[in-house]
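**Student:** The following block contains the structure, expressed as structure tokens.
The values are calculated or read from the model by the stated rules, or taken from the named source; none is laboratory data. Please read these numbers as outputs of a predicted model, since none were measured by experiment. Counting neighbours? That spans all protein chains shown, and the Cβs are built from the backbone with ideal geometry, glycine included.
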Amino acid sequence: MAEKVAMLEKQREELRDDVAYLKSQSMRNNLVFANIKEDNSFGNETAEIMETKLRTHWTEGITVLLPKKGSKSDVSNYRVLR
């Protein structure tokens, strides 16, 4: 009986780790943009129009400087210029 309880507790911990990992991966892929004006004069903008605005904002408004070669490549080494 004790072995079964230990096995179930181990499985529960593994599932918690899996859920935390999947949640972090999902959050990592979601980007939030601010200060982009929407034109709702004809109702909500279509996804295509918003995508065009985001791409323009991204390519014209933001420059990402990558870390120097040989430096540790985590997020803290990246700088964003606007």
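**Student:** Name the single residue, out of those in region 14-58 being exposed (fewer than 10 other Cβ atoms within 10 Å of the Cβ) and charged (D, E, K, R), that is modelled with the highest pLDDT.
**Tutor:** Only one residue tops the list, namely GLU48.
**Student:** Listed residues GLU14, GLU45, GLU38, GLU9; which is within 26 Å of the chain's Cα centre (by Cα), of a type in the set (Asp, Glu) and over 22 Å from TRP58 (Cβ atoms)? Give the steps one after another, and end with the answer.
**Tutor:** Numbers: GLU45 fails: over 22 Å from TRP58 (Cβ atoms); GLU38 fails: over 22 Å from TRP58 (Cβ atoms); GLU9 fails: within 26 Å of the chain's Cα centre (by Cα).
Checking each option against the conditions leaves just GLU14.
**Student:** Residues that are modelled with pLDDT of 80 or more, over 22 Å from the mean Cα position of the chain (by Cα), surrounded by fewer than 10 Cβ atoms within 10 Å (Cβ to Cβ) and among the basic types (Lys, Arg): does region 63-76 have at least one?
**Tutor:** First, the residues of region 63-76 that are modelled with pLDDT of 80 or more: none.
No.
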